[in-house]
Amino acid sequence: MSQHPLWRPSTTRVANANLTEFMDTVNRQYSLRLTNYDQLYQWSIDHSDAFWQTLWSFASVVGDMGERIVERSPDFPNKDSRWFPDAKINFAENLLQWAKDMPNNEAIVFSGEDENATSITWAELVQQTSGVAAYLKECGVEQGDVVAGYLPNIAQTVVAMLATASLGATWTSTSPDFGVDSVLDRFGQTKPKVLFTTDGYHYNGKTHDNLAKAREVREGVDSIAHLVVIPFVGGATLNADETCFNAILKKPAPELTFTRVDFDSPLYVLYSSGTTGKPKCIIHSVGGMLLNHLKEHQLHSDVKAGDRVFYFTTCGWMMWNWMASALASGATLILFDGSPFYPDAGVLWRLTDNQGVTLFGTSAKYLEAQEKQAYLPMDEHKLSTLKTLCSTGSVLAPEQFDFVYDNIKKDVQLSSIAGGTDICGCFVLGSPISPVYRGQSQVRGLALDVEVFNNEGKPVQAEKGELVCCNSFPNQPVGFWNDPDGKRYHDAYWGKIDDIWFHGDYVELTQQNGMVFFGRSDAILNPGGVRIGTAEIYRHVNQLDEIIDSVVIGQEWQNDVRVVLFVKLKPGIDLNDNLERKIRTTIRTSCTPRHVPAKIIPITDIPRTKSGKLAEIAVRDVVHGRAVAQLSALDNPESLDQYNHRPELQE
């Protein structure tokens, strides 16, 4: 791994960073002389109580913090700790506090595939939230109730979430690309009282109906007493028992009030991908989400009031929840819904220029696709306002680091961030005062005692192992829905190593204290007993001109495991002996002989989840003749058919 940084922040940028100001605050308050990120990180894990207390004040959290910072259980001081047990706060109150200072500034901008932007001001956001909150009160929604969205990534979705949170109720959402069965798997467990939807949505130049599916969901979930329809594409006729969102907004609304709740009261229910069974319903707290996202935005991403934050996401991915919290830092949300390649590969970069985006968030797969299409944003766009580029969702290969700095922007903080739905946040992320090294996530998150454990359960550096977190943190889940004794939650994260969070990523902590990811632990290849991360293979195979995409698994074979690589080829390309030889030589040269696949098999589609993650476990199950637990979790379940009963895998 290269030890020469691809980027260093300028002295001006370091001096003006929120992180520098926070470090100065810590130095003054605790009579310290911290001068760099590593020192601040060590202090934050040695004194995590003081860190979170200081952050509360630094980020101007609205609410009553209470006397106690953390209450630790004697049996499980990490898993069962309660942060700020005396606090009373409201999530929406914190996100909307900036309306007082800049009522006429833009709070949310929305742009779709037609590239016609619309916006609402902070004052309008408060007014609309008040109107929807009044409607929800009429529906009997209160603390303890769930409100759901089956919605595209539009401004009204943020309004519905804020209105729900203002009442102390719980919000849950999914996106319109989910089929009815997938939505029933989720909302059928969480039992929402009110469902928000649109009449339709746009994707890849086409208009798709969503209202018919939402009506099926309402029929299938008996708790849904009210269906609110947002007229987004137009032309739909509502039934008598359905409410138009615009009609709600036309009613005079009372002044918006906020129900302050406990720090660990449920704010969101997020769902695991569901590829290994019915989706887990993960409960995230009001305080945990607020405080952690303030940390990740202000300290790690340098988000300031007036910044303009964009993340390409749907409402079925945790990055939507992450992005929405940027309002709490006084940032404007830049929303986009549709295909990131329609009408062409430049649509999101034009949005960046037109809207002055300062933080651009996307997936590693998007950056890889841009490179595959030879689309070079640096040649087509100014990107003068862009300060930070975040990538997540899968491993960002070193070659994509090169692509960003060679073809997007040279002076940009590239943050390869990683965590997950499980914590609705990140274990590793960026630092605006630290260098970026090729192929590495910059830093471990402040106040998170993240280590890499080897097979003996010992922390190691410059050696591959399992990502764990050895301390308690405010945004660990409240628990799982319908898990009264907490056993499913305990087994999912805390059961492998006593009172230590086991995340399930195969990683390496580098000499620069960055993190390199090699894939999910449950997808690790194990030929001859040697553990190989799948990302090590994708990194080199997917760079080949002939290949669009690939998926690799370990096949049980003759009392061992052999590596099997499936490749999706460009149109007109055949998998002949020369191409097979090229693939094997590339892997052998770039990795090791152990990485070289025993079988290379052409396919026409790669199964992925709704959030774009590779469904390696589903492919492995099909190859071994095992049932795939939740086909509805996949975006393209029909693709699995071509992995079944392959004659090449019987020899």
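The values are calculated or read from the model by the stated rules, or taken from the named source; none is laboratory data. The model shown is predicted, which means the values in this text are computed figures rather than measured ones. Don't worry about glycine lacking a Cβ; one is built from the backbone with ideal geometry, like all the others, and counts go over all protein chains shown.
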Report whether or not Lys496 is touching a strand residue (DSSP E or B) at 6+ places or on another chain (Cβ under 6 Å), over 18 Å from Val395 (Cβ atoms) and among the charged types (D, E, K, R). yes
Please go through the stretch 618-645 and pick out each residue that is more than 20 Å from the chain's Cα centre (by Cα), closer than 20 Å to Tyr538 by Cβ and surrounded by fewer than 19 Cβ atoms within 10 Å (Cβ to Cβ). Asn636, Gln642
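Listed here are the residues, each with its yes/no results for (1) out of contact with any Asp or Glu (no Cβ under 7 Å at 6 or more places or on another chain); (2) in a loop (DSSP other than H, G, I, E, B); (3) not polar (S, T, N, Q).
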site: Ile423; (1), (2), (3): yes, yes, yes
site: Pro432; (1), (2), (3): no, yes, yes
site: Gly439; (1), (2), (3): yes, yes, yes
site: Asn455; (1), (2), (3): yes, yes, no
site: Gly465; (1), (2), (3): yes, no, yes
site: Ser472; (1), (2), (3): yes, yes, no
Would you confirm whether or not the stretch 451-458 contains a residue that is at pLDDT 95 or above and under 18 Å from Lys79 (Cβ atoms)? yes
When the residues of the stretch 67-105 are filtered to those that are surrounded by fewer than 16 Cβ atoms within 10 Å (Cβ to Cβ) and among the basic types (Lys, Arg), which remaining residue is farthest from Ala160 (Cα to Cα)? Arg72
Take the conditions under 30 Å from Thr174 (Cβ atoms) and at pLDDT 90 or above and apply them to Asn578. Does it pass? no
With respect to Ser394, is the statement that it is touching a helix residue (DSSP H, G or I) at 6+ places or on another chain (Cβ under 8 Å), modelled with pLDDT of 95 or more and of a type in the set (S, T, N, Q) true? no
The stretch 37-54 residues that are under 16 Å from Gly514 (Cβ atoms), paired with ones that are in a helix (DSSP H, G or I) (beta carbon under 6 Å, 6 or more apart): Leu40/Met23
From the list Ala615, Ala598, which residue is at pLDDT below 90 and either closer than 19 Å to Asn526 by Cα or in contact with a helix residue (DSSP H, G or I) (Cβ under 6 Å, 6 or more places away or on another chain) (or both)? Ala615
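Residue-wise test of (1) assigned to a helix (DSSP H, G or I); (2) hydroxyl-bearing (Ser, Thr, Tyr); (3) out of contact with any strand residue (DSSP E or B) (no Cβ under 7 Å at 6 or more places or on another chain).
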position: Gln3; (1), (2), (3): no, no, yes
position: Leu32; (1), (2), (3): no, no, yes
position: Thr35; (1), (2), (3): no, yes, yes
position: Trp56; (1), (2), (3): yes, no, yes
position: Glu67; (1), (2), (3): no, no, yes
position: Lys79; (1), (2), (3): no, no, yes
Determine, yes or no, whether Ile282 is closer than 30 Å to Val180 by Cβ and touching a strand residue (DSSP E or B) at 6+ places or on another chain (Cβ under 6 Å). yes
If you take the residues in the stretch 372-393 that are surrounded by 20 or more Cβ atoms within 10 Å (Cβ to Cβ) and without any contact (Cβ under 8 Å) to a residue 60 or more places away in the chain, which one is nearest to Ile417 (Cα to Cα)? Ser391
Mind listing just one residue for me: the one in the stretch 375-421 that is part of a loop (DSSP other than H, G, I, E, B) and touching a Pro at 6+ places or on another chain (Cβ under 7 Å) and, of those, farthest from Asp307 (Cα to Cα)? Ile408
